[in-house]
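Visitor: Encoded as structure tokens, here's the structure I'll be asking about.
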Amino acid sequence: MYERTRKSGTSRRTLLAATAGTAAAVAIGQAPARADGNDRRLRALISRMTLEEKVGQLFVMRVYGHSATAPDQADIDANLEEIGVRTAAELIATYHVGGIIYFSWAHNTRDPHQIADLSNGIQKASLELPRGLPVLVSTDQEHGIVARVGKPATLLPGAMALGAGGKGREALRQKGGGGRRVGGSRSDARRAGQIGGAELRAMGIRQDYAPVADVNVNPANPVIGVRSFGADPQAVAALVAAQVKGYQSASVAATAKHFPGHGDTETDSHYGFPVIEHTEAQWAKLDAPPFRAAIAAGIDSIMTAHIMVPALDPSGDPATLSRPILTGILRERLGYDGVVVTDSLGMEGVRTKYGDDRVPVLALKAGVDQLLNPPKLDVAWNAVLAAVRGGELTEARLDESILRILRLKAKLGLLKDPYVSARGVDRTVGIPAHLRAADRIADGTTTLLVNSGGLLPLSRRTHRKVLVVGADPASPSGTTGPPTTVLAGALTELGFTATALSTGTAPSSATIATAVAAARDADAVVVGTYNVTATSSQKTLIGELLATGRPVVAVAVRNPYDVAQLPSVQAYLATYSWTDVELRAAARVIAGRVGPAGRLPVPVQRADDPEQVLYPIGHGLSYQPPVGQRV
């Protein structure tokens, strides 16, 4: 029925206890006071809705196409097959959905002006209906490895990079008297949220499913990893609060996810049903602080996790469908009265125990407000409708959630003016000031883990000819990369002669042989690694590159844990993502144009002995750029 999180002995328990012990108490947020006059107006809107319109307001749905009324034929076909409508406008007219989510794979996000036009088309289609209300448009723009909107919009460092970065005084914390900086820069996190939020708002996207509030204490976590700010609950809580304030200062609803905490699992809830074995006390110290901090910061929405936490609810239900978790803990114990949105209802973690007709009904009974992206909208929509008509759900229960949703729409200004302009796009999205800020923030995130013999920075005099090889994972937004080409191009701009050679994440013997032959003709090799395991052929590639005698600089382009599998590499950097902004920053560090400033926000344990920490939280080497090369 489900996959349990593997128990891996003393090291996991020790790490949990040590990490949980660092958490500081964060004040519980209280339900905000509501303006009676405003609520009266919103309740009047609700009273005029039909039952079908009320049910529709609860759903946030995907739709294919770049246009609300005239998508490409392939997107029309996809909409007909999956939803039974041709366009976004027909989706709204048929189901009265209160929200629409954008995806790059659904062809919603080609470029900023197209996105703005799509948003305006969606609003027009909804407002032209009798009793039509503005639509809350959302997306997953976490930055880093999850980004739906790409260039020319500004792409910023993701969560774990922000957890590693920052040079501000607020990022300093004494650890055992050593004075290492731990926890990232709150000002950088807030600034990244402000920039990302302003650009989303200019394109008509008013709800962002970010920041991730999960505390990533499990190196084997396949679904969170670098999407988390780190493994220290106190540091994660501070950065979550900063990002919430940043996004919401730009009039975009931030969304803390995934409640009650998805950081300690080895199962991806997209494909399985994770079980978190934390005790209630461990949950309170390890998982809860970032969500408490988000609530105290005035978070607009919180997303649920499709995970089982037996200590919080022994029923075996996923948190998304758990009334003890969503109402008992989130609403009552933590005092949260904002919008609760499910994670995608198409994920396996929420579909394992119940059918697609039961899931949305049970979610509403648990305390959810928004039902996100069900696999079959007609099944989910009709199930909620039938539950109300049959008495399992009351219309008053629907009204409660709709009121929260309308409060949020009113707060965001959608009830007054939901439209955006081409001028607003031009003045906001991807402007030079935002791009410079992204580069500045990224310069503080690159983390130097190993530098044997002072190999870095590379000298243009002795290592001018550089081969860049390694993994080329697909761009998160479809608009960046490939990573080897970006790194090689950036190094060339910095005065090196660099060539790129992609070997993939599973290089073959033939590919390895080609890379080794090319390395013999280079002065140095830069190799990108991506989720290296004990049996990965990436280890074979790097071993054979080292055997050439050429200096090898490895760059972990996703998880910093890769370094534990490659102890012989002379120099190792962590970038926490493979988007252009992070790779260009890594090139500046390799070339000595800036010094490495990042510090690990997670511990790296030994691959051959997980009970020992190889590099602790806060580890990061430094060097000063050579005189004459500093910028």
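The values are calculated or read from the model by the stated rules, or taken from the named source; none is laboratory data. On a predicted model such as this, the values are computed, not experimentally measured, just so you know. Positions of Cβ are backbone-derived with ideal geometry, glycine not excepted, and every protein chain shown enters the neighbour counts. Calculation scope for accessible area: heavy atoms of the full protein, side chains included, ligands and nucleic acids excluded. Shrake-Rupley method; radii C 1.70, N 1.55, O 1.52, S 1.80 Å.
Visitor: With a 1.4 Å probe and all protein chains left in place, how much accessible area per residue does the chain have, in Å²?
Guide: Ligands and nucleic acids excluded, the figure is 35 Å² per residue.
Visitor: Would you kindly state how much longer the chain becomes between Ala311 and Thr279 on full extension, computed as 0.36 nm times their sequence separation minus their alpha carbon distance, in nm to one decimal? Don't skip to the answer; put the middle values down first.
Guide: Working: separation 32, 0.36 × 32 = 11.52 nm, distance 0.55 nm.
Full extension from Ala311 to Thr279 adds 11.0 nm.
Visitor: Separate question: Got a number for carbon plus sulfur as a percent of the chain's accessible area, 1.4 Å probe?
Guide: 50
Visitor: List the aspartates and glutamates whose Cα sits under 17 Å from the Cα of Lys257, skipping any in the same chain fewer than 8 residues away.
Guide: Asp140, Glu142, Asp208, Asp214, Asp232, Asp268, Asp287, Asp300, Asp337, Asp343, Asp369
Visitor: If I take R0 = 35 Å and measure r between the Cβ atoms of Tyr271 and Glu395 in this structure, what FRET efficiency does the formula 1/(1 + (r/R0)^6) give, to the nearest 0.05? Numbers along the way, then the final one.
Guide: Numbers: r = 36 Å, r/R0 = 1.04.
According to the calculation, E is roughly 0.45.
Visitor: How much length is gained if the chain between Arg131 and Asp609 is pulled fully straight, taking 0.36 nm per residue apart and subtracting their Cα-Cα distance, in nm to one decimal?
Guide: 165.7 nm
Visitor: Follow-up question, since we're still on this one. For Lys465, give me every one of the aspartates and glutamates with a C-alpha distance below 16 angstrom, ignoring sequence neighbours fewer than eight places off in its own chain.
Guide: Candidates past the 8-residue exclusion: Glu493, Asp521, Asp523.
Visitor: Tell me, in nm to one decimal, what length is gained between Arg427 and Asp357 on full extension, where the rule is 0.36 nm per residue of separation less the Cα-Cα distance? Write down the numbers at each step before the final one.
Guide: On the way: separation 70, 0.36 × 70 = 25.20 nm, distance 4.49 nm.
Gain on extension, Arg427 to Asp357, equals 20.7 nm.
Visitor: If you count only protein heavy atoms and use a 1.4 Å probe, how large is the accessible surface of Trp381, to the nearest 10 Å²?
Guide: 20
Visitor: Please give the solvent-accessible surface of Arg351 in Å², to the nearest 10, using a probe radius of 1.4 Å with every protein chain present.
Guide: 80
Visitor: DSSP H helices in the chain with Cα extent of 20 Å or more along the helix axis and mean Kyte-Doolittle hydropathy at least 0.0?
Guide: Both cut-offs are met by 233-249.
Visitor: Kindly report, to the nearest 10 Å², the accessible surface of Asp562 as traced by a 1.4 Å probe over protein heavy atoms only.
Guide: 0
Visitor: Can I ask one more? Calculate the spin-label point distance for Ala547 paired with Arg440, positioning each point 7 Å from the Cα along the beta-carbon direction, and give it in nanometres.
Guide: Distance between the two pseudo-spin positions: 4.8 nm.
Visitor: Explain nothing, just the number: relative contact order of the range 547-631, from Cα pairs under 8 Å at least 6 residues apart, as a whole percent.
Guide: 24
Visitor: Right, something else. How many nm is it between the label spots at Glu81 and Arg333, if each spot is 7 Å from the Cα in line with the beta carbon?
Guide: Each label point is offset 7 Å from its Cα along the Cβ direction, giving 4.4 nm.
Visitor: Using DSSP, restrict attention to beta bridges with both residues in the chain and report what percent are antiparallel, rounded to the nearest 5. Numbers along the way, then the final one.
Guide: On the way: 10 of 50 bridges.
If we restrict to bridges inside the chain, about 20 percent are antiparallel.
Visitor: Sticking with this one: For Leu312, what charge total do you get from the other residues with a beta carbon under 12 Å from its beta carbon, if Lys and Arg give +1 and Asp and Glu give -1?
Guide: Result for the local shell: -3.
Visitor: For the modelled label position 7 Å from the Cα of Thr94 along Cα-to-Cβ, which residues of the range 114-145 have backbone nitrogen atoms closer than 11 Å?
Guide: Of the residues in the range 114-145, none has backbone N under 11 Å from the label point off Thr94.
Visitor: How large is the dipole of the range 242-384 about the Cα centre if only Lys and Arg carry +1 and Asp and Glu carry -1, each at its Cβ, rounded to the nearest 20 debye?
Guide: Dipole magnitude for the range 242-384 comes out near 300 debye.
Visitor: Would you tally the net charge around Ala256, using a Cβ to Cβ cut-off of less than 13 Å, leaving Ala256 out, and scoring K and R as +1, D and E as -1? Show your work: numbers first, answer last.
Guide: On the way: positive: Arg227, Lys245, Lys257, Arg292; negative: Glu142, Asp208, Asp214, Asp287, Asp300, Asp343.
Value of the local net charge: -2.
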